[in-house]
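Trainee: Just dropping this structure here.
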Amino acid sequence: MTLKKTMTLLLAGAAMTLSASAAMAQANLRVFISSQHQPDVWRKAFDTYETKNPNVKVTIESGGNTSEAQAQYLNTIMTAKDTSLDVMILDVIRPAQYAAAGWTVSFNDVIGKDADAFMKRYLPAYAEANTVDGKIVALPAFADAMFLYYRKDLLEKHGIQPPKTWDELAAASKKVLGAENNPNLQGLSFQGKAIEGAVCTFLLPYWSMGKQLVSNGKLSFDKEAAVKSLALWKGFVDQGVAKKNISEVATDDTRKEFQAGNVLFAVNWSYAWNHFNGAESAVKDKVGVVKLPAVQGGEAASCLGGWEWGVSAYSNNKAEAQKLVQYLSSPEVSEFMAINGALLPQFPEVYTDADVTKAVPWFANARPVVETAKARPVTPRYNEVSEIIRTTVNAVLAGTVTPEQGADQMEGRLRRVLR
Ligand code: GLC
């Protein structure tokens, strides 16, 4: 064999070995998921992915029972430029902030020139939340909105229709609580703890009165509506409709108390449904869900939630992580999570998919609620806005300030942030 031929063969062999080892290179991806959002069900989606991609192993990291607890944890990891985390699930209020901090990578290169068409497949609110200055900074994991869960059995027993206004809800609660004479039964559970969810607590009646908080980046605070909103929630406590220490209640506390059979009406997000109808639930098959009540004379309003997949800028496996996220954000996985985890689809057509409506019949009616749900204010200073609102809601419910004082303080503090 001539030297030239030998060299060519050797080179070809080396190239083959290289490409074979590149194809087989093991990628260990670490994915952060909020503990509240069915990590065990996502695990099954990861198992399917691992079977199709034998070179990828996915490890789940989950923690933090509220949106801010998770954000705090991720902030620490990102500030430390920690390379051990590859993919993270982010509350819909955060992708823009994470992109601005340089903590996530854009998907534009992997999606290619049809990025617009790619994003148009999602419900518009999610395409919007994940696109910042023309860059796709995260991909939707699932949609979310707030709903009113109720005890179907108890309302039927007492001949009551699901309430359409908050006043009707108070009246229904008093009637059922009076008749049931069960000291453990609460009329309404909602989020009064100073958590992200309490921002929505404040905004639900405020929006229902037709008011906005921010328009064109400027504060448009309606003091009267703010007082009324705070007074509505405090009124539930004072009337015995909500429990006295509602100021200590976070989203998953509402879920657990309703699931234990101790609550007639609950304000909560879609994930709760799966728990309410799980084997460990005391209220399995006794739960109804409808859109939230409106204030008297107002329109029903819901708060837009949802979670998004971002790839860490510090990941050593960005390409594999992006591939995994494209799979996680596909209609196939959306359908799987709707059926097995009652997480609302980010794709319009999945709401009416026959398998989905069979597993979660109310999803067919949930789409208009998600589509008309209102987004929390979009501003680079959202963290401060959120902190001001949730601590005020909490203080009013704890009885340390009146609704009037709360609204005054809220306005003063918001004015300083949103000048
Ligand atoms: C839900 C929503 C999320 C919201 C959070 C508040 O998880 O999907 O958007 O911020 O609840 O508690």
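The values are calculated or read from the model by the stated rules, or taken from the named source; none is laboratory data. Here the structure is a predicted model, which is why all the values come from computation and not from measurement. We place every Cβ from the backbone using ideal geometry, glycine too, and count neighbours over all the protein chains shown. Ligands, DNA and RNA are stripped out before the accessible areas are found, and what is left, the full protein with its side chains, is counted by its heavy atoms. Shrake-Rupley method; radii C 1.70, N 1.55, O 1.52, S 1.80 Å.
Trainee: Condition first: under 15 Å from the mean Cα position of the chain (by Cα) and not aromatic (Phe, Trp, Tyr). Can you find one or more residues in the range 98-118 that meet it?
Mentor: No, that holds for no residue.
Trainee: To continue, here is another question. Can you give me the number of residues within the range 253-295 that are open to solvent by less than 30 Å² (accessible area, probe 1.4 Å), on the phi > 0 side of the Ramachandran plot and of a type in the set (D, E, K, R)?
Mentor: 0
Trainee: Additional query: Only one of (1) in a loop (DSSP other than H, G, I, E, B); (2) assigned by TED's automatic domain parsing to the domain that holds Gly197; (3) touching a Ser or Thr at 6+ places or on another chain (Cβ under 9 Å); (4) away from the ligand (no atom under 16 Å from the Cβ) fails for Val283. Which number is that?
Mentor: (3)
Trainee: Let me ask you something else. Given the options Tyr351, Tyr314, name the one that is in a loop (DSSP other than H, G, I, E, B) and surrounded by 15 or more Cβ atoms within 10 Å (Cβ to Cβ).
Mentor: Details: Tyr351 fails: in a loop (DSSP other than H, G, I, E, B).
Exactly one of Tyr351, Tyr314 is in a loop (DSSP other than H, G, I, E, B) and surrounded by 15 or more Cβ atoms within 10 Å (Cβ to Cβ), namely Tyr314.
Trainee: Give the residues of the range 258-275 that are away from the ligand (no atom under 16 Å from the Cβ) and not in a loop (DSSP other than H, G, I, E, B), sorted by residue number.
Mentor: Gln259, Val263, Leu264, Phe265
Trainee: Exactly one of these conditions fails for Gln70: (1) part of a helix (DSSP H, G or I); (2) surrounded by fewer than 18 Cβ atoms within 10 Å (Cβ to Cβ); (3) in contact with a strand residue (DSSP E or B) (Cβ under 6 Å, 6 or more places away or on another chain). Give me its number.
Mentor: The single condition Gln70 does not satisfy is (2).
Trainee: Moving on. Select the strands (runs of 3 or more DSSP E) contained entirely in the range 120-202, then report the ones holding at least 2 residues which are within 16 Å of the ligand (Cβ to nearest atom). Please lay out each step first, then the result.
Mentor: Working: elements: 139-145, 147-151, 186-189.
Qualifying strands (runs of 3 or more DSSP E): 139-145, 147-151.
Trainee: Just to verify a result, which residue in the range 183-219, among those that are of a type in the set (Ser, Thr, Tyr) and in contact (Cβ under 8 Å) with a residue 40 or more places away in the chain, is nearest to Gln239 (Cα to Cα)? Before the answer, list the steps.
Mentor: Narrowing the range 183-219 to residues of a type in the set (Ser, Thr, Tyr): 189, 201, 206, 208, 215.
Still in the list and also in contact (Cβ under 8 Å) with a residue 40 or more places away in the chain: 189, 201, 208.
Values: Ser189: 13, Thr201: 18, Ser208: 21 Å.
By that ranking, first place goes to Ser189.
Trainee: Quick test of your reading of the structure: Ala321 fulfils all but one of (1) in the same structural domain as Glu224 (by TED's automatic domain parsing); (2) over 21 Å from the mean Cα position of the chain (by Cα). Name the failing condition by number.
Mentor: Condition not satisfied by Ala321: (1).
Trainee: Okay, moving on. Of the conditions (1) under 27 Å from Glu384 (Cβ atoms); (2) among the polar types (S, T, N, Q); (3) open to solvent by 60 Å² or more (accessible area, probe 1.4 Å), Asn181 fails just one. Which one is it?
Mentor: Among (1) under 27 Å from Glu384 (Cβ atoms); (2) among the polar types (S, T, N, Q); (3) open to solvent by 60 Å² or more (accessible area, probe 1.4 Å), the lone unmet condition for Asn181 is (1).
Trainee: If I filter the range 94-141 down to residues being of a type in the set (Val, Ile, Thr) and under 18 Å from Pro377 (Cα atoms), which single residue comes out as surrounded by the most Cβ atoms within 10 Å (Cβ to Cβ)? Don't jump to the end; show me each part of the working.
Mentor: Restricting attention to the range 94-141, the residues satisfying the condition of being of a type in the set (Val, Ile, Thr) are 104-105, 110-111, 131-132, 136-137.
Pick out the ones that are also under 18 Å from Pro377 (Cα atoms) and you get 131-132.
Working: Thr131: 21, Val132: 18.
Across the range 94-141, the extreme among qualifying residues is Thr131.
Trainee: Still on this model: Residue by residue through the range 205-252, note down the ones that are open to solvent by less than 40 Å² (accessible area, probe 1.4 Å), over 27 Å from Asn65 (Cα atoms), of a type outside the set (Ser, Thr, Tyr) and outside any loop (DSSP other than H, G, I, E, B).
Mentor: Scanning the range 205-252 gives Val214, Leu219, Ala225, Ala226, Val227, Gly235.
Trainee: Go through the range 164-178 and give me each residue that's farther than 17 Å from Gly288 by Cα, touching a residue at least 40 places away in the same chain (Cβ under 8 Å) and either out of contact with any strand residue (DSSP E or B) (no Cβ under 9 Å at 6 or more places or on another chain) or surrounded by fewer than 17 Cβ atoms within 10 Å (Cβ to Cβ) (or both).
Mentor: Within the range 164-178, Asp167, Lys174 qualify.
Trainee: For the range 77-88, check the following and say yes or no: at least one residue is touching a Pro at 6+ places or on another chain (Cβ under 7 Å), part of a loop (DSSP other than H, G, I, E, B) and away from the ligand (no atom under 16 Å from the Cβ).
Mentor: Within the range 77-88 (the criterion being touching a Pro at 6+ places or on another chain (Cβ under 7 Å), part of a loop (DSSP other than H, G, I, E, B) and away from the ligand (no atom under 16 Å from the Cβ)), the answer is no, since none of the residues qualifies.
Trainee: Right, next: Please work out which residue is most open to solvent (accessible area, probe 1.4 Å), limiting yourself to the range 27-60 and to residues that are under 14 Å from Trp309 (Cβ atoms) and more than 16 Å from the ligand (Cβ to nearest atom).
Mentor: It comes out as Arg30.
Trainee: Given the conditions (1) away from the ligand (no atom under 16 Å from the Cβ); (2) of a type in the set (Asp, Glu); (3) at pLDDT 95 or above; (4) over 20 Å from Ala27 (Cβ atoms), and given that Asp91 satisfies all but one, which numbered condition is not satisfied?
Mentor: Of the numbered conditions (1) away from the ligand (no atom under 16 Å from the Cβ); (2) of a type in the set (Asp, Glu); (3) at pLDDT 95 or above; (4) over 20 Å from Ala27 (Cβ atoms), the odd one out for Asp91 is (1).
Trainee: Which numbered condition in (1) open to solvent by 10 Å² or more (accessible area, probe 1.4 Å); (2) among the aliphatic types (A, V, I, L, M); (3) more than 24 Å from Gln212 (Cβ to Cβ) is the only one that Val378 fails?
Mentor: (3)
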